[in-house]
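Colleague: Below you will find the structure I want to go over with you.
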Ligand code: GTP
Ligand code: MG
């Protein structure tokens with residue numbers, strides 16, 4: 001798919017205030033600092049469309065981007081950042097749960113995992129929640145440029161073993177590096193396919 005146009009629309013804490021759910025929507029979630037905002041910039045070929053930062057916790061709101069006037073990309077705040085207060089963590093949970101329950105045009109969640117990290121409880125918990133709620137999702141391994149492909153293979157193998165404990169069928173998985181533009185065509189083709197369904 002060719003990205004002809006990508007524009008920031010709005011930021012919200014409330015699902016009701018999000019753009020009219022009249023177009024398919026793809027949302028990016030995962031630990032703080034995993035590379036959600038960077039991946040959105042890589043996919044849209046824009047440096048600063050989504051705000052990125054070396055400091056975890058940069059994205060705090062539900063951010064909508066309109067792509068080709070046909071579908072939405074959504075940048076969500078991350079989870080798992082140790083310095084966040086209990087109250088903020090609960091607010092995050094409430095906001096995301098509401099988003100997952102109410103956003104009727106959500107076509108697929110992209111769950112981002114740092115390719116250097118073996119399965120962690122919080123990621124697994126979130127993935128199980130998606131599965132239980134029947135939300136379609138895929139897994140995106142990020143920051144491939146940070147280590148050898150042998151190490152990435154080993155992380156992905158560990159993830160597959162872990163997920164097979166619960167599911168017979170594994171979700172689709174993508175390998176990416178926003179730095180090196182890896183995985184862009186694969187993800188855009190996937191979105192194109194889902195849009196066509
Ligand atoms: P929050 O909004 O805080 O939850 O973070 P995020 O998941 O949106 O991460 P963000 O895209 O802001 O990236 C976090 C840091 O990782 C930044 O310093 C990025 O430059 C870096 N980063 C993101 N993707 C990659 C990648 O593919 N390779 C490398 N080397 N660095 C990356
Ligand atoms: Mg972000």
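Colleague: Tell me, please, whether a residue that is exposed (fewer than 14 other Cβ atoms within 10 Å of the Cβ) and under 19 Å from residue 57 (Cα atoms) can be found in region 111-118.
Modeller: no
Colleague: While we're on this one: Suppose the filter is more than 23 Å from residue 193 (Cβ to Cβ) and outside any loop (DSSP other than H, G, I, E, B); does residue 42 pass it? Steps first, please.
Modeller: Working: more than 23 Å from residue 193 (Cβ to Cβ): no; outside any loop (DSSP other than H, G, I, E, B): yes.
Taking the combined requirement at face value, the residue does not satisfy it.
Colleague: Of the residues in region 3-17, how many are closer than 22 Å to residue 140 by Cβ and either touching a residue at least 60 places away in the same chain (Cβ under 8 Å) or touching a helix residue (DSSP H, G or I) at 6+ places or on another chain (Cβ under 7 Å) (or both)?
Modeller: The total comes to 2.
Colleague: Taking region 49-75 only, how many residues are in contact with a strand residue (DSSP E or B) (Cβ under 8 Å, 6 or more places away or on another chain) and either in a strand (DSSP E or B) or near ligand 2 (Cβ under 8 Å from one of its atoms) (or both)?
Modeller: Counting residues in region 49-75 that are in contact with a strand residue (DSSP E or B) (Cβ under 8 Å, 6 or more places away or on another chain) and either in a strand (DSSP E or B) or near ligand 2 (Cβ under 8 Å from one of its atoms) (or both) gives 13.
Colleague: Out of (1) in a strand (DSSP E or B); (2) without any contact (Cβ under 8 Å) to a residue 60 or more places away in the chain; (3) more than 12 Å from the chain's Cα centre (by Cα), the odd one out for residue 84 is which?
Modeller: (1) is the only condition that residue 84 fails.
Colleague: For region 99-197, which fully contained helices (runs of 4 or more DSSP H) count at least 1 residues that are in contact (Cβ under 8 Å) with a residue 60 or more places away in the chain? Show your work before the answer.
Modeller: Values: elements: 121-133, 149-164, 184-196.
Helices (runs of 4 or more DSSP H) meeting the threshold: 121-133, 184-196.
Bear in mind these aren't lab numbers, they're just calculated from the coordinates by the rules spelled out. Keep in mind that this is a model prediction, so the values were computed, not measured. We place every Cβ from the backbone using ideal geometry, glycine too, and count neighbours over all the protein chains shown.
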